[in-house]
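See below for the structure under consideration.
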Amino acid sequence: MRRFRKHQSRGPFVNSELYAGWCDWCGQQHQVTDPHHLGSMLDTLLSRDASVNFYMWHGGSTFGLNTGASLADDPSDGIVFSPQSYDYNAPASEPGDVRLDKYWAIRNVTEKHFPGNKMPVPRDSKKLGGITLNPRQSGLLTDQIGPDSFLLFSFLPHTMEELGVFEGMVAYQHEVKAPLEGVTMSVLGVHDRAYVLVDGTFVQVVKREEDTVNFTITAYKTITILVENMGYINYGRHMKDYATQYKGIRNVTINKSVWTQWNHYKIDVRNPQLSDKPWEIPGEVHGMPGKVNEKQLLPNGPAVYTDTVNLERGQLMDTFISKWAEMQF
């Protein structure tokens, strides 16, 4: 409170964001915060006649391609990306269930300061379980590469923003004029994740958080780099820094020489093209990717899977998908 008054010498005490939890980040454990600490902070604020707004009281979801990212003040500390879940470990979870430890930590304090609350404890939401999906591969993202998705031919790669693409993916493709056998390739300035395919076969993933990655390729027809925008930085001073915010790639080198002549294509991940032809699914478990270069990815790169589930009217309720690492529905 003293710090508050240092910046605002008069007027009402208002905490507009009393954090009831914290953000999750892709690849990390779900964030869990201490309910007793939350109750203690609330008690301190109310004891001094402060007004309080919880952030968040109810967890939610970020739909589509609108997830964000966060970058520390020192970019060398790395970037973290938000999942589509915005559960926030809030008192009411993403699907609407009450976390009783946090709920009572808050309610016990509010009843201390504002006695007489007789509201019942909210019930958890009903959920649908026991549905088995048997997805079949029905297309590849690279199926979209063609005249309809063509954006630009240029000497050097353009960023997504320069191409007018602000979500999803862009494919960079170089047509090989003379065979490249056993050459060393590197993709520079990847923002945020690149899937490299040579003559239609997946060979390497390059991530933003990695330093220079060199790998050996042999190409006779095409080099294709699918680059995924995993979310713009939505907090802090880097929001306005194009050097950290841009999406796409900066350059490609082969045997340490800058590689030129690139076609650019927009990959519409919201409406992928589906194929009628049958697909062979690698791996021990149907629908799960096999190993390529010790990476759990499909041999032809990112793919589209489909399945149909028929529900009765009484089954229309919340559910969730388990046992998948990274996907978009």
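The values are calculated or read from the model by the stated rules, or taken from the named source; none is laboratory data. Since the structure is predicted, the reported quantities are computational estimates derived from the model, not experimental observations. With ideal geometry, Cβ positions are generated from the backbone for all residues, glycine too; neighbour counts draw on all protein chains shown. Ligands, DNA and RNA are excluded from the accessible area calculation, which covers all protein heavy atoms including side chains. Shrake-Rupley method; radii C 1.70, N 1.55, O 1.52, S 1.80 Å.
Things worth noting here:
- Backbone HN-Hα couplings from phi across region 210-223 [Karplus 6.51/-1.76/1.60, Hz, Gly and Pro as x]: 8, 6, 3, 10, 9, 8, 9, 10, 10, 10, 10, 10, 9, 10
- Of the solvent-accessible surface of the chain, computed with a 1.4 Å probe over protein heavy atoms with every protein chain present, carbon and sulfur atoms account for 51 percent.
- Reported value for region 128-264: 164 Å³ per residue, from the convex hull of its C-alpha atoms.
- Spatial separation of Cα centroids for region 1-60 and region 136-201, in angstrom: 45 Å
- Taking amide H as placed 1.01 Å from N in the peptide plane, the amide H of Leu140 sits under 5 Å from that of Val304, each at least 5 places away or on another chain.
- Karplus-derived 3J(HN,Hα), 6.51/-1.76/1.60, for each residue of region 165-176, Hz, glycine and proline x: 10, 10, 7, x, 9, 10, 9, 9, 10, 10, 8, 6
- Kirkwood radius for the chain, taken over all pairs of different Cα atoms as the inverse mean of 1/r, rounds to 23.3 Å.
- Here is the list for region 132-165: chymotrypsin sites (Phe, Trp or Tyr not before Pro) lying in DSSP coil, each with at most 11 other C-beta atoms within 10 angstrom of its C-beta, are Phe155.
- Rolling a 1.4 angstrom probe over the protein heavy atoms with all chains in place gives region 1-132 an accessible area of 64 Å² per residue.
- The long axis of helix 100-113 is offset from the longest Cα principal axis of the chain by roughly 30 degrees.
- Amide H to amide H, with H built 1.01 Å from N, Gly68 comes under 5 Å of Ser82, counting only residues 5 or more places away or on other chains.
- Among Gly182, Gly39, Gly314, the largest mean-square fluctuation in a Gaussian network model of the chain (Cα springs under 10 Å) belongs to Gly314.
- Looking at region 137-176, the accessible area is 43 square angstrom per residue; that uses a 1.4 Å probe and ignores ligands, DNA and RNA.
- Accessible area, probe 1.4 Å, largest first, for residues Phe81, Phe320: Phe320, Phe81
- Close amide H contacts of Phe202 (hydrogens built in the peptide plane, cut-off under 5 Å, sequence separation of 5 or more or a different chain): Asn300, Gly301.
- Scaled radius of gyration (Cα, divided by 2.2 N^0.38 Å) that region 171-251 gives: 1.22
- Percent of Cα-Cα distances greater than 13 Å, calculated over region 1-61: 68 percent
- Placing unit charges on the Cβ atoms only, positive for Lys and Arg and negative for Asp and Glu, gives the chain a dipole magnitude near 1040 debye about its Cα centre.
- C-alpha long axis of helix 35-47 to longest principal axis of the chain, angle in °: 50 degrees
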